[in-house]
Amino acid sequence: MSYSGIFPNPRADGDVLRMQSLHRVRVKADDVAVASDHGRELLDYVLADLERRD
């Protein structure tokens, strides 16, 4: 399972695609800090996708 996001980057001339692989890693919601409601929605989405793949 992987998750990616696009972020504006003023140091690179454009946006940056950031990808993270969670292959064979157990992640619990309590282990992740989020800074916004949108971040919480993304976390919930990723964790639900991980559960579907188990």
*Could you please give the count of residues in the range 7-50 that are among the β-branched types (V, I, T), outside any helix (DSSP H, G or I) and surrounded by 10 or more Cβ atoms within 10 Å (Cβ to Cβ)?*
4
*So how many residues does the range 1-24 have that are modelled with pLDDT under 75 and either in contact with a helix residue (DSSP H, G or I) (Cβ under 9 Å, 6 or more places away or on another chain) or on the phi > 0 side of the Ramachandran plot (or both)?*
3
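The values are calculated or read from the model by the stated rules, or taken from the named source; none is laboratory data. Computed from a predicted structure; not experimentally measured. Reconstructed Cβ throughout: ideal geometry from the backbone, glycine too, with neighbour counts over all protein chains shown.
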